[in-house]
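The values are calculated or read from the model by the stated rules, or taken from the named source; none is laboratory data. The shown structure was predicted, so the numbers you read here are calculated from the model rather than taken from an experiment. Cβ: placed from backbone, ideal geometry, glycine included. Neighbour counts: every protein chain shown. Note: accessible area is taken over every heavy atom of the protein model, side chains too, but ligands, DNA and RNA are not part of it. Shrake-Rupley method; radii C 1.70, N 1.55, O 1.52, S 1.80 Å.
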Amino acid sequence: KRPGLSSTTISSARALSRRRIERFALATEQWKTIPGLNDKYEVSELGRVRNKNTGRFLTPRYKDGCYMYRMEKPSAHGRERKVNSAAVLVYEAFIGKIPHDHYVQYKDGNRRNLSVDNLYLKSNSDFRKEEYQEGRLGFQLVKSAYDEWIFGDCLERRTH
């Protein structure tokens, strides 16, 4: 047998260093309580959610193109489950309330990057205009007489 570290020793050393990095990240992460859920959960600036009482992390689910967390919310009939977008939770906890007809977007386009620095708001009309310009608008298959009135000169730029 060759002298030196075996592959099992190397893999266990990598696992140990990964755990140390995760512990350091946890120690430096900022956490805020999620309002409206009986102060049971808190969200970090990186998009992780944990139970305040037990300290256990919730597992995100990938649904409809973004990460979602399923949490229990107290109600008059006992407990009910509520599904929240991870980006919305981070934005509301660290930046502020989201106005009506606005959506949380990602500056770098990466939906896995949930850091506070990467999130911003976009109005519904701006979002639709951008989709129309790029030809991603799924619900509008035929031209309408109102297209120019709604979308302005972006219609002309798209056809040329």
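The table below gives the values:
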quantity	calculated
Charge sum, other residues only, whose C-beta stays under 9 Å from residue 43's C-beta, Lys/Arg counted +1 and Asp/Glu -1	0
Computed accessible area, residue 101, all protein chains, 1.4 angstrom probe, square angstrom	80
Expected-Rg normalisation [2.2 N^0.38 Å, Cα atoms] applied to the range 68-137	1.34
Residue-count net charge about residue 93 - beta-carbon cut-off 9 Å; Lys, Arg +1, Asp, Glu -1	-2
Under-5 Å amide H pairs with residue 73, H placed in peptide plane, nonlocal only	80, 81, 82
Under-5 Å amide H pairs with residue 58, H placed in peptide plane, nonlocal only	49, 50, 51
Entries of 40/122; 40/107; 63/129; 32/122; 32/52 with Cα pairs more than 18 Å apart	40/122; 40/107; 63/129; 32/122
Extension gain from residue 82 to residue 121, taking 0.36 nm per residue of separation minus the Cα-Cα distance	11.8 nm
In order through the range 118-126: 3J(HN,Hα) via Karplus (6.51 cos²θ - 1.76 cosθ + 1.60), integer Hz, x for Gly, Pro	8, 9, 8, 9, 9, 6, 4, 5, 4
Neighbour net charge for residue 124 - beta-carbon separation under 12 angstrom, K R +1, D E -1	-1
Contour excess over end-to-end distance, with Cα ends at residue 134 and residue 101 and 0.36 nm allotted per residue	9.8 nm
Near-label residues of the range 39-55 by backbone N, under 12 Å of a point 7 Å along Cα→Cβ of residue 31	40-45, 48-55
Cα-centre dipole for the range 24-113 with unit charges at Cβ (Lys and Arg positive, Asp and Glu negative), debye to 20	340
Residues with amide H under 5 Å from that of residue 45, placed H, sequence gap 5 or more	30
